[in-house]
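Read the structure below first, then the notes.
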Amino acid sequence: MTSIPDYAHLKSGFADPVLDSQGVFRTIMSAIAYPGRIVTIGGSVRGPSPLSTATTAFCLTLADGETPIWLDAGARNAEIPAYLRFHCGAPIVDDPGGAQFAIVVDAAAAPRLHLFDAGEDEYPDRSATVCLQVASLTDGAETRWSGPGIEHAIFPRVTVPDWFWSDWIANAAAYPKGIDVVFTCGDAAIALPRTVKVEA
């Protein structure tokens, strides 16, 4: 006889799954359209620690049964995989290269970007999106971003590992292939599409 998983202890998802996810989706799309712009997402939703509010809202809105998720070591605690399976139906994969979404809660230990799926020449849209929780969206080293959705240039200061921007330059050079990144901190997020050129 197959045992039934106990989900009673799991934290709740959106209070109104339809309206809340629609609102978050619109906000994420706006962030992608305007890279570097800080947006607020998640509202009152509280996922299991150490998922931030914004990371939780990202997962609840975009993940489903057809979007395999890779979790870093910090997110592979007992509750998070069960939470995502229950609320999103998303399969959890062991290989970062096999994920459509990657959730990294420990930016300092994040995998190098080339380990994620950059898509194929015929289907560049099938690449991975990495949701990277960071310590701050405003206190890192200054960088210069330019590209679609950015008038002239902007100068975000996201806290990332030392190697990140050199990896990003290689990722952007592979366009139209390449991964996309969403930085999250608390209930705030910044999108970094592969089309954006960054000078560190």
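The values are calculated or read from the model by the stated rules, or taken from the named source; none is laboratory data. Note that the coordinates shown come from a computational prediction; the quantities given were computed from them, not determined experimentally. Glycine also receives a Cβ, built like all others from the backbone with ideal geometry; neighbour counts cover every protein chain displayed. When the accessible area is computed, the model is the full protein with side chains, heavy atoms only, and any ligands, DNA or RNA have been set aside. Shrake-Rupley method; radii C 1.70, N 1.55, O 1.52, S 1.80 Å.
Condition test on ILE169, is it among the β-branched types (Val, Ile, Thr), open to solvent by 30 Å² or more (accessible area, probe 1.4 Å) and touching a strand residue (DSSP E or B) at 6+ places or on another chain (Cβ under 8 Å)?
yes
State all residues of segment 76-128 that are touching a Pro at 6+ places or on another chain (Cβ under 7 Å), under 17 Å from CYS59 (Cα atoms) and aromatic (Phe, Trp, Tyr); if no residue qualifies, say none.
Across segment 76-128, the qualifying residue is only TYR83.
Assess whether ARG37 counts as being touching a helix residue (DSSP H, G or I) at 6+ places or on another chain (Cβ under 7 Å), at pLDDT 95 or above and open to solvent by 40 Å² or more (accessible area, probe 1.4 Å).
Against the criterion (touching a helix residue (DSSP H, G or I) at 6+ places or on another chain (Cβ under 7 Å), at pLDDT 95 or above and open to solvent by 40 Å² or more (accessible area, probe 1.4 Å)), ARG37 qualifies.
I need the full set of residues from segment 162-200 which are among the small types (Gly, Ala, Ser) and either in a loop (DSSP other than H, G, I, E, B) or within 12 Å of TRP145 (Cβ to Cβ) (or both), in order please.
The answer is ALA172, ALA174, GLY178, GLY186, ALA191, ALA200.
Would you confirm whether or not segment 76-83 contains a residue that is open to solvent by 70 Å² or more (accessible area, probe 1.4 Å) and more than 27 Å from ASP139 (Cβ to Cβ)?
Yes - at least one qualifying residue is present in segment 76-83.
Any residue at all in segment 9-32 that's polar (S, T, N, Q) and touching a His at 6+ places or on another chain (Cβ under 9 Å)?
Yes, segment 9-32 contains at least one residue that is polar (S, T, N, Q) and touching a His at 6+ places or on another chain (Cβ under 9 Å).
If ALA108 passes every condition in (1) out of contact with any helix residue (DSSP H, G or I) (no Cβ under 7 Å at 6 or more places or on another chain); (2) part of a loop (DSSP other than H, G, I, E, B); (3) under 24 Å from THR40 (Cα atoms); (4) open to solvent by 10 Å² or more (accessible area, probe 1.4 Å) but one, which one does it miss?
(2)
Just to be sure, is THR55 closer than 21 Å to ASP180 by Cα and buried (at least 18 other Cβ atoms within 10 Å of the Cβ)?
Yes: the conditions hold for THR55.
Working only within segment 39-69, note down all residues that are assigned to a helix (DSSP H, G or I) and touching a Gly at 6+ places or on another chain (Cβ under 6 Å).
Within segment 39-69, THR53, ALA54, THR56, ALA57, LEU60 qualify.
For the subset of segment 122-156 comprising residues that are modelled with pLDDT of 95 or more and of a type in the set (Phe, Trp, Tyr), which member is surrounded by the most Cβ atoms within 10 Å (Cβ to Cβ)?
Among residues in segment 122-156 that are modelled with pLDDT of 95 or more and of a type in the set (Phe, Trp, Tyr), the one surrounded by the most Cβ atoms within 10 Å (Cβ to Cβ) is TRP145.
For a quick check of your reading of the model, give me the residue pairs whose first member lies in segment 22-49 and is farther than 17 Å from LEU137 by Cβ, whose second is open to solvent by less than 40 Å² (accessible area, probe 1.4 Å) and not small (Gly, Ala, Ser), with beta-carbon atoms closer than 6 Å and at least 6 apart or on different chains.
Taking only residues 6 or more apart or on different chains, the pairs are VAL24/ILE41; VAL24/THR61; PHE25/THR61; VAL45/PHE14; VAL45/THR56; GLY47/THR56; PRO48/ILE80; PRO48/TYR83.
When you look at ILE103, is it in contact (Cβ under 8 Å) with a residue 40 or more places away in the chain, open to solvent by less than 40 Å² (accessible area, probe 1.4 Å), aliphatic (A, V, I, L, M) and part of a loop (DSSP other than H, G, I, E, B), yes or no?
When the stated conditions are applied, ILE103 does not pass them.
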